[in-house]
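Q: The structure that follows is given in the form of structure tokens.
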Amino acid sequence: MILRNTLLLIAATLSLSVGVPILAAPAPQLGQQKFHGDWAAACDNRLNCQAVSMPAEELPPDRLTIVLNRDARSGDVVIELVFPETTSDRYRLLIDGRVADTGAIPSGTDKSVKVTRQDALRLARMLAMGMRAVLKDGAGKDLGRLSLAGSRKAMAHIDHMQNRAGTATALAITGRKKLRAKWAPAPLIEAKRIVPTGNIPDAAALVALAENSECKDERFTVTEDSAYSLGTVDGKARALVLISCGAGAYNFTTAVYTGTKTAAGKWEFGPAPFDYDGNGNPDAKVPILINTNWDAATQTLDSFHKGRGVGDCGTSLAYVWDGTMFRLTSASGMEECRGSLDWMTLWHADVKLVD
């Protein structure tokens, strides 16, 4: 089993780092991931929370998993059961041998069903009190089994984070306290809409930048450097430049620059500014992202790294270009490599493009 300290070592080795602190607003603070037995839990900055079952590492990817989501403001609970493919149109979830939930499998479903409203709250409490869950289809075929060890602590963490512990609305720690639930609004990022131009650095400028970058000694595979218009600033063309910076077995690193074209027609480059340091490497002089993709329509730069090939651990980050810097809009992760493909949400911001 690869534990969270191993993941951090992998990330550090890959030099996952994102530049400078934000000046206009506090830097994003990602939610903490908590691991209890065979379950994990985390809450994002809105205090929306998740609890996720953690299969044994040696199990195959096609297995039963349970994901619980609770909205902090509304209190709504949604439990998703994800299971291997079946031709049956019914399911039964048993907890310690007793039927806890049953229903139809919607046609066309992607091997999952969702339990909502009061049924979800009732099921959550049964999961918190149980030891083992078994899912069967309508014909009695076993669709998967999982341990509930740690489920109560995971749900109690959510109760405490949302200030529901000891109230009638709690998942695990019910009581008669008056409900004073906690929640927080998502930050709103107003991003200046990019009016793209055809004025971007040419291949020669990219080659010169790469040869003088921190990545020059890491470019041992086929490189794909690229440039994209960020519109104009004070009448000068501006561009996003992504320089290939080496690769591992399933992670491809990229150095992120911005460029400004001077009045003399020369491009000047510098490290792209970010409001969130993805992994805190103080020695990096330029932001390095992993498995990066730029979406010009939404002005979004996506990045994710996998702790191992199956994709059951790692971190995913997304940033929007707001006109002056890249601002974090979403983050999810799974620190422990335990076979779960359900990464937990750790940060969320709303985005409004303005002209």
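The values are calculated or read from the model by the stated rules, or taken from the named source; none is laboratory data. All values reported here derive from a predicted model rather than from experimental measurement. Methodologically, a virtual Cβ is constructed for each residue, glycine included, from the backbone with ideal geometry; neighbour enumeration extends over all protein chains shown. Accessible surface areas use protein heavy atoms only, side chains included; no ligands, DNA or RNA. Shrake-Rupley method; radii C 1.70, N 1.55, O 1.52, S 1.80 Å.
Q: Report whether or not Gly198 is loosely packed, with under 14 Cβ neighbours inside 10 Å, out of contact with any strand residue (DSSP E or B) (no Cβ under 8 Å at 6 or more places or on another chain), small (Gly, Ala, Ser) and without any contact (Cβ under 8 Å) to a residue 40 or more places away in the chain.
A: On the way: loosely packed, with under 14 Cβ neighbours inside 10 Å: yes; out of contact with any strand residue (DSSP E or B) (no Cβ under 8 Å at 6 or more places or on another chain): no; small (Gly, Ala, Ser): yes; without any contact (Cβ under 8 Å) to a residue 40 or more places away in the chain: yes.
Judged against the criteria, Gly198 is not a match.
Q: So is Ile173 modelled with pLDDT of 95 or more, more than 20 Å from Val77 (Cβ to Cβ) and open to solvent by 30 Å² or more (accessible area, probe 1.4 Å) or not?
A: For Ile173, the condition - modelled with pLDDT of 95 or more, more than 20 Å from Val77 (Cβ to Cβ) and open to solvent by 30 Å² or more (accessible area, probe 1.4 Å) - is not met.
Q: Do we find that Tyr257 is at pLDDT 95 or above, open to solvent by less than 60 Å² (accessible area, probe 1.4 Å), more than 25 Å from Arg338 (Cβ to Cβ) and in contact with a strand residue (DSSP E or B) (Cβ under 8 Å, 6 or more places away or on another chain) in this structure?
A: Working: at pLDDT 95 or above: yes; open to solvent by less than 60 Å² (accessible area, probe 1.4 Å): yes; more than 25 Å from Arg338 (Cβ to Cβ): yes; in contact with a strand residue (DSSP E or B) (Cβ under 8 Å, 6 or more places away or on another chain): yes.
Judged against the criteria, Tyr257 is a match.
Q: Turning to a different aspect of this structure: If you go through segment 313-327 one residue at a time, do you hit one that is of a type in the set (Gly, Ala, Ser), open to solvent by 30 Å² or more (accessible area, probe 1.4 Å) and assigned to a strand (DSSP E or B)? Can you show your working first?
A: Pass one, segment 313-327, residues of a type in the set (Gly, Ala, Ser): 314, 316, 318, 323.
Remaining after also requiring open to solvent by 30 Å² or more (accessible area, probe 1.4 Å): 316.
This time we only want the ones that are assigned to a strand (DSSP E or B), so: 316.
For segment 313-327, residues of a type in the set (Gly, Ala, Ser), open to solvent by 30 Å² or more (accessible area, probe 1.4 Å) and assigned to a strand (DSSP E or B): present.
Q: Here's a check for you: in segment 276-301, which residue that is modelled with pLDDT of 95 or more and crowded, with 19+ Cβ neighbours inside 10 Å is farthest from Asn212 (Cα to Cα)?
A: The extreme case among them is Gln299.
Q: Test Asp119 against the criterion of being at pLDDT below 95 and either over 24 Å from Leu341 (Cα atoms) or out of contact with any helix residue (DSSP H, G or I) (no Cβ under 8 Å at 6 or more places or on another chain) (or both), and give yes or no.
A: Working: at pLDDT below 95: no; either over 24 Å from Leu341 (Cα atoms) or out of contact with any helix residue (DSSP H, G or I) (no Cβ under 8 Å at 6 or more places or on another chain) (or both): yes.
No; evaluated as a whole, the condition is false for this residue.
Q: Which pairs do you get when a residue that is exposed (fewer than 13 other Cβ atoms within 10 Å of the Cβ), found in segment 128-148, comes within reach of a residue that is assigned to a loop (DSSP other than H, G, I, E, B), reach meaning Cβ atoms under 6 angstrom, with the pair 6+ apart or on two chains?
A: Filtered contacts from segment 128-148: Met131/Asp96; Met131/Leu148; Ala139/Ser88.
Q: So, one more: The conditions are (1) open to solvent by 50 Å² or more (accessible area, probe 1.4 Å); (2) outside any strand (DSSP E or B); (3) more than 21 Å from Ala51 (Cα to Cα); (4) at pLDDT below 95, and Phe304 fails exactly one of them. Which is it?
A: Failing condition for Phe304: (2).
Q: I would also like to ask the following. Can you tell which of Ser88, Ser112 is closer than 26 Å to Trp343 by Cβ, among the small types (Gly, Ala, Ser), touching a strand residue (DSSP E or B) at 6+ places or on another chain (Cβ under 7 Å) and open to solvent by less than 70 Å² (accessible area, probe 1.4 Å)? Full working, then the answer.
A: Numbers: Ser88 fails: closer than 26 Å to Trp343 by Cβ.
Residue meeting the stated conditions: Ser112.
Q: Being out of contact with any Ser or Thr (no Cβ under 6 Å at 6 or more places or on another chain), hydroxyl-bearing (Ser, Thr, Tyr), under 26 Å from Leu353 (Cβ atoms) and surrounded by fewer than 18 Cβ atoms within 10 Å (Cβ to Cβ), is that true of even one residue in segment 229-251?
A: Checking segment 229-251: at least one residue is out of contact with any Ser or Thr (no Cβ under 6 Å at 6 or more places or on another chain), hydroxyl-bearing (Ser, Thr, Tyr), under 26 Å from Leu353 (Cβ atoms) and surrounded by fewer than 18 Cβ atoms within 10 Å (Cβ to Cβ).
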